[in-house]
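Q: Before I ask anything, here is the structure I am working with.
Please treat every number below as a calculation from the coordinates, not as lab data. Here the structure is a predicted model, which is why all the values come from computation and not from measurement. Note that each Cβ is placed from the backbone with ideal geometry, even for glycine, and that neighbours are counted across all protein chains shown.
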Amino acid sequence: MRVDKLEIKIELRNVDDTKKLAVIITEYVFKGMIIGLTGDLGAGKTTFTKYLAKSLGIDDNLNSPTFNILKVYQGRIDLYHMDVYRLEDIGFDYELDDYIYGDGVSVIEWYPYIKSMLPNNILTIDFKVTGENSREVIISGKSEYEKIIKAISDRYSN
Ligand SMILES: Nc1ncnc2c1ncn2[C@@H]1O[C@H](COP(=O)(O)OP(=O)(O)O)[C@@H](O)[C@H]1O
Ligand SMILES: [Mg+2]
């Protein structure tokens with residue numbers, strides 16, 4: 001059995017590239033999809049999630065859920081937007097379980113803080129600031145996520 005993950009690194013030159021990444025992912029969205037995000041404050045995690053929400057047909061203005069941990073949005077598929085930064089010292093919040101293992105798509109900012117609650121295969125996106133508008137992202141996952149990663153790789157090799 002192959003256990004290694006597929007991993008790619010791409011350059012987002014501006015927010016339009018970030019939007020494009022979100023749009024491609026929504027083309028492959030499925031119930032129960034989990035996207036874990038990492039990157040320093042201001043790296044683009046929430047911005048990416050905003051574009052993802054828009055692309056899912058969510059009209060509500062998506063804000064950072066830092067003080068709520070979880071916000072639920074209804075769209076073509078429901079979006080559970082979590083920011084688990086505040087759980088750093090706690091490591092879990094079982095109220096999130098129903099969402100993580102629910103029927104929508106979960107986007108989890110700072111996902112490593114609740115790693116013990118997550119299935120071992122999720123799509124991860126790590127954002128790194130490389131300039132005022134540019135970001136380097138490392139995307140990884142396996143099994144059902146490999147198709148998405150390959151599609152992203154194809155569409156960014158321009
Ligand atoms: N290519 C890019 N992708 C994402 N955000 C960008 C990019 N270029 C500039 N930005 C800006 O960087 C900031 C990212 O903030 P935010 O998404 O809230 O970060 P985080 O959620 O990681 O703390 C926003 O002000 C956004 O407009
Ligand atoms: Mg954020």
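Q: Among 11, 27, 95, which one shows the biggest mean-square fluctuation in a GNM of the chain, springs joining Cα atoms closer than 10 Å?
A: 95
Q: To continue, here is another question. Among 48, 127, which comes first, second and so on when ranked by fewest other beta-carbon atoms within 10 Å?
A: 127, 48
Q: I want the local charge near residue 135. Using Cβ-Cβ distances under 9 Å, sum +1 for each Lys or Arg and -1 for each Asp or Glu among the other residues.
A: Net charge around residue 135: -1.
Q: What dipole magnitude, in Debye to the nearest 20, does segment 103-158 give about its Cα centre under +1 on Lys/Arg Cβ and -1 on Asp/Glu Cβ?
A: Value, rounded to 20: 140 debye.
Q: Any idea which of 36, 74, 14 is furthest toward the positive side of the dipole for the chain, if Lys and Arg beta-carbons carry +1 and Asp and Glu beta-carbons -1?
A: 14
Q: Would you kindly compute the Cα radius of gyration of the chain and its largest Cα-Cα separation (Dmax), both in Å?
A: Rg and Dmax of the chain, Cα atoms, are 14.6, 43 Å.
Q: List the relative contact order of the chain as a percent without decimals, with contacts defined as Cα pairs under 8 Å and 6+ residues apart.
A: Computed value for the chain: 34 percent relative contact order.
Q: Taking neighbour counts of Cβ atoms within 10 Å as a proxy for exposure, in what order, fewest first, do 51, 156 appear?
A: Listing 51, 156 from fewest to most nearby Cβ atoms yields 156, 51.
Q: While we're looking at this one, here's another question. Once you have the Cα-Cα distance between residue 121 and residue 136, take 0.36 nm times their residue separation minus that, and quote the gain in nm to one decimal.
A: The residue 121-residue 136 span can extend by a further 3.2 nm.
Q: Okay, next question. So if we plug the beta-carbon distance of residue 147 and residue 11 into 1/(1 + (r/R0)^6) with R0 = 25 Å, what FRET efficiency do we get, rounded to 0.05?
A: The value I calculate is 0.70.
Q: So, one more: In the chain, what percentage of the DSSP-assigned beta bridges are antiparallel, given to the nearest 5?
A: On the way: 17 of 30 bridges.
Roughly 55 percent of the DSSP beta bridges within the chain come out antiparallel.
Q: With only Lys, Arg, Asp and Glu charged, each at its Cβ (+1 for the first two, -1 for the last two), find how big the charge dipole of the chain is about the Cα centre; round to the nearest 20 debye.
A: Magnitude of the dipole: close to 520 debye.
Q: A further question on this structure: What is the distance in Å between the Cα centres of segment 141-158 and segment 88-102?
A: So the separation of the two Cα centres works out to 27 Å.
Q: Would you calculate a helix-derived [θ] at 222 nm for the chain, using -39,500 (n - 2.57) for each DSSP H run of n ≥ 4 and dividing by the full residue count, to the nearest 500?
A: -7000 deg cm²/dmol
Q: If you don't mind, there's one more thing I want to ask. Checking the a/c ratio against 1.5 first, then a/b against b/c, what shape does the Cα gyration tensor give for segment 85-149?
A: Judged from the Cα gyration tensor, segment 85-149 comes out oblate (a/c at least 1.5, b/c at or above a/b).
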